[in-house]
1. Could you list, ordered by first residue, the pairs with Cβ atoms under 8 Å in which the first is in the stretch 182-193 and more than 15 Å from Leu140 (Cα to Cα) and the second is in a strand (DSSP E or B), at least 6 apart or interchain?
2. Does Glu296 fit the bill of being open to solvent by 10 Å² or more (accessible area, probe 1.4 Å) and without any contact (Cβ under 8 Å) to a residue 40 or more places away in the chain?
3. Any idea how many residues of the stretch 386-414 are on the phi < 0 side of the Ramachandran plot, more than 15 Å from the ligand (Cβ to nearest atom) and open to solvent by 10 Å² or more (accessible area, probe 1.4 Å)?
4. Any residue in the stretch 220-247 that's in contact (Cβ under 8 Å) with a residue 12 or more places away in the chain: show its pairings with residues that are polar (S, T, N, Q) at Cβ separation under 6 Å, as long as the two are six or more apart or on different chains.
5. Would you point out which residue out of Ala84, Ala168, Ala159 is small (Gly, Ala, Ser), assigned to a strand (DSSP E or B) and modelled with pLDDT of 95 or more?
6. What do you reckon, is Asn206 at positive phi and modelled with pLDDT of 95 or more?
7. Residue check, Ser465 against (1) part of a helix (DSSP H, G or I); (2) more than 26 Å from His262 (Cα to Cα); (3) away from the ligand (no atom under 13 Å from the Cβ), all met but one. Which one?
8. Can you name every residue in the stretch 257-284 that is open to solvent by 10 Å² or more (accessible area, probe 1.4 Å), of a type in the set (S, T, N, Q) and under 18 Å from Ala203 (Cα atoms)?
Amino acid sequence: MTSIVAPVFVRSVETALPVLQAAITQGADMLELRCDEARREVVEQILTRPEVRCKPVILTIRAKAEGGSFAGTESERLQLIRHACGLCPDYVDIEYDTWRKNPEFAGEILPLLAATDDPAEKKTKLILSNHDFLSRPTDLHQRLLDMAATAPVRIVKAAYKARNLTDALEALRLYRELPKAIRQSLVIIAMGEAGMITRILAAKYNAAFTFAVPAGGATTAPGQPTILELIHTCRFKHQQRDWPVYGVVGWPVAHSISPVIHNAGFGSIDFPGVYVPLPIEPDYEAFRTIVTAMRELRDFNLRGLSVTIPHKANAVRYLQSQSGLLDDTSARIGVINTLYFPQQGPIRGTNSDWSGAIEALRAGTNWSLTDLAHKRVAVLGAGGAARAIVAGLATLGSTVIIYNRTLKRAQELAHEFNGKTGSVSAAQLDEFGNTHCHVVINCTPAGMSPDVKAIPVDNISAIDSSMVVFDTVYNPRRTRFLQAAAERGAKTIEGLEMLLRQAVVQFEGFTGQSAPLAIMRVAAEAALDRKS
Ligand code: NAP
């Protein structure tokens, strides 16, 4: 069972105690007392508080040269660690290079350490750590073997900066490939955004522990999630080795609320799977290499991907290179936002943006597809989102006018889809309002956080109470454009509805079960509220 360790900086007992207690309440299994900046008496007091010792504790006092903040000499640090080990913390964390290169350090502390795993031996157990804050050590595999061979180590831990997802996947590979005796007491953490999967999937990979901070608490290393995110969003305490992995691929991807939406859905139907953020650099080669690596990684079990900017065209190219299957509408749109990797048979791709948008429109208006086919729709923008929506509307038979800053782009898009049942024409963005439309859909980023005051059209007076205004921007939920349209009496539809409905299509493809839309909505709204 992989423990959640809450790392807490201890400067005084008064400031540390509430954070430690919050960590315990929120679900931490162990506490790491980072005493780099604590005086000797504070270390003594915190290690003897019963409300702290109700959980196993790790004592860590890291020097500046090790990435910590202990300001004294090495000799003073050694004396402090020695003294603290006399109070028998469950573990002490020592940097491997310090242990290896400073025989005095090892010699002084060794007599205080447990030599075995026997709980009857009431002594502190040794964690040997290897940190690299710049990149993945080239000799990581050998280093872990050497650390594991150093008596009396009980847990071997490596933490390094992940430059990309490949660095993170290497950690997961090592969890499976190192000798079994080492795997049982191993922690490998890839730090930073690219390494997030090593923290989230630590339970699936049976790590000894992973770090997570209490809500509002300070992180001690880049990329640490909160305890609540791990437990509730990532279903950390339920993860099993054979769980399939799903995720959202994009660059950047940290802002995406798709992990929150899909994991909430998975949890509510008890689906055995976990959904993670997967940042992949923009070029096709990076996409191909990393998706291939994830598909081949032992026990990773990649079963599905949501694909976002800038990889929607790369996903089609990859699908074609694998002789995968693509439905007709998605082929016509030319970009996809979903990949399925079934256990057997060819991979499949689809674009759920268009159907998500149409479903959002239908749900917001109670129109049937036939009703929609008889509407005149103004689409603002001619980029990826507009493309998917225009394709959907054109296939239904609606009359579409694409308004864009760059007229040529709107004309090219219109030319591509005009006559696919409906009529599609193009106009300059500042001509918006010259023709009455039943529906206006904003497919530009105007109004998106942080530029929340922006509005996609100048002449908002062209909007009236007979219209439906749909903004695909979902952060913030109520954009300035939607507010202005509502003030003019128009019916409004939020971009979150599209996001949810495209996720519903993906969810049903991932799980084979009906999506719990209401639960996914609550999770998405809470995540967006946290961002605003
Ligand atoms: P994109 O491919 O970059 O296209 C952006 C389009 O907006 C272009 O036509 C561009 O005009 C126009 N534009 C950009 N800034 C503008 C401004 N300040 N004023 C007027 N027009 C502007 O982007 P995309 O992938 O289509 O995404 C557009 C938006 O759709 C995103 O912001 C996202 O919030 C939203 N979206 C939502 C969902 C959802 O599920 N709710 C899904 C996908 C996208 P030019 O051609 O002249 O450059």
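The values are calculated or read from the model by the stated rules, or taken from the named source; none is laboratory data. A quick note: this is a predicted structure, and the numbers were derived from the prediction, not measured. FYI the Cβ positions are ideal-geometry reconstructions off the backbone, even for glycines, and counts take in every protein chain you see. When the accessible area is computed, the model is the full protein with side chains, heavy atoms only, and any ligands, DNA or RNA have been set aside. Shrake-Rupley method; radii C 1.70, N 1.55, O 1.52, S 1.80 Å.
1. Note: pairs meeting the criteria are Ser185/Arg154; Ser185/Ile155; Ser185/Val156; Gly192/Lys161; Glu193/Pro277; Glu193/Pro279.
2. It is true that Glu296 is open to solvent by 10 Å² or more (accessible area, probe 1.4 Å) and without any contact (Cβ under 8 Å) to a residue 40 or more places away in the chain.
3. 3
4. The qualifying pairs are Ile227/Gln26; Leu228/Gln26; Thr233/Asn263; Pro244/Asn301; Val245/Asn301.
5. The unique qualifying residue is Ala159.
6. So Asn206 fits the description; yes.
7. The failed condition is (1).
8. Across the stretch 257-284, there are no qualifying residues.
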